[in-house]
1. Using θ = phi - 60° and the Karplus relation 6.51 cos²θ - 1.76 cosθ + 1.60, list the HN-Hα couplings for segment 75-90 in order, rounded to whole Hz, with x at every Gly or Pro.
2. Each residue of segment 59-73 in order: what ³J(HN,Hα) in whole Hz does its phi give by Karplus 6.51 cos²θ - 1.76 cosθ + 1.60, θ = phi - 60°, with x for Gly and Pro?
3. Near LYS61, within a Cβ-to-Cβ distance under 13 Å, what is the net charge of the other residues, with Lys and Arg +1 and Asp and Glu -1?
4. Go through segment 2-15 residue by residue and turn each phi into a ³J(HN,Hα) via Karplus (6.51, -1.76, 1.60, θ = phi - 60°); whole Hz please, and just put x for glycine and proline.
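Every number here is computed from the coordinates shown, using simple stated rules; none is lab data. Note that the structure is a prediction, hence the values are computed from the model and not measured. Positions of Cβ are backbone-derived with ideal geometry, glycine not excepted, and every protein chain shown enters the neighbour counts.
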Amino acid sequence: MSPEQISGIAAFIGLFGELSGWPIGIMIFLVIGPWIMSLLISYMQAKRFESVVRMYENNVKLVEDYEALSKDLKEVVIMNTRAVTKLNDGIEQNRFCPAVRLEKRAEGVQG
């Protein structure tokens, strides 16, 4: 070590020797405090990121469930459309009128 470095270290130690006990605590807090805060912020950001990932995973599950539900709903709509079409054809051909059935003009089941 050079004499300038040794005198700098001696002056720094002398400065701490002249200070009372509480400023040393403040100096340590000023040196260590930012590191503690950065670690705390990093931990909080990691937790926030995990919650965002969970939210996106839940959204994907929601979309998949909705897709399955919509496929079932599509089948119900198709069945209802077929039933209404069949009913409409029967009404247009007047199959449900007793007078037409007796005259045998209507096609289909005769009562």
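1. Coupling constants for segment 75-90: 5, 5, 5, 5, 4, 5, 5, 4, 5, 5, 5, 5, 5, 5, 4, x Hz.
2. Whole-Hz 3J(HN,Hα) from phi for segment 59-73: 5, 5, 4, 4, 5, 5, 5, 5, 5, 5, 5, 5, 5, 5, 5.
3. On the way: positive: ARG54; negative: GLU57, GLU64, ASP65, GLU67.
Net local charge, LYS61 excluded: -3.
4. 7, x, 5, 5, 5, 5, x, 5, 5, 5, 5, 5, x, 5
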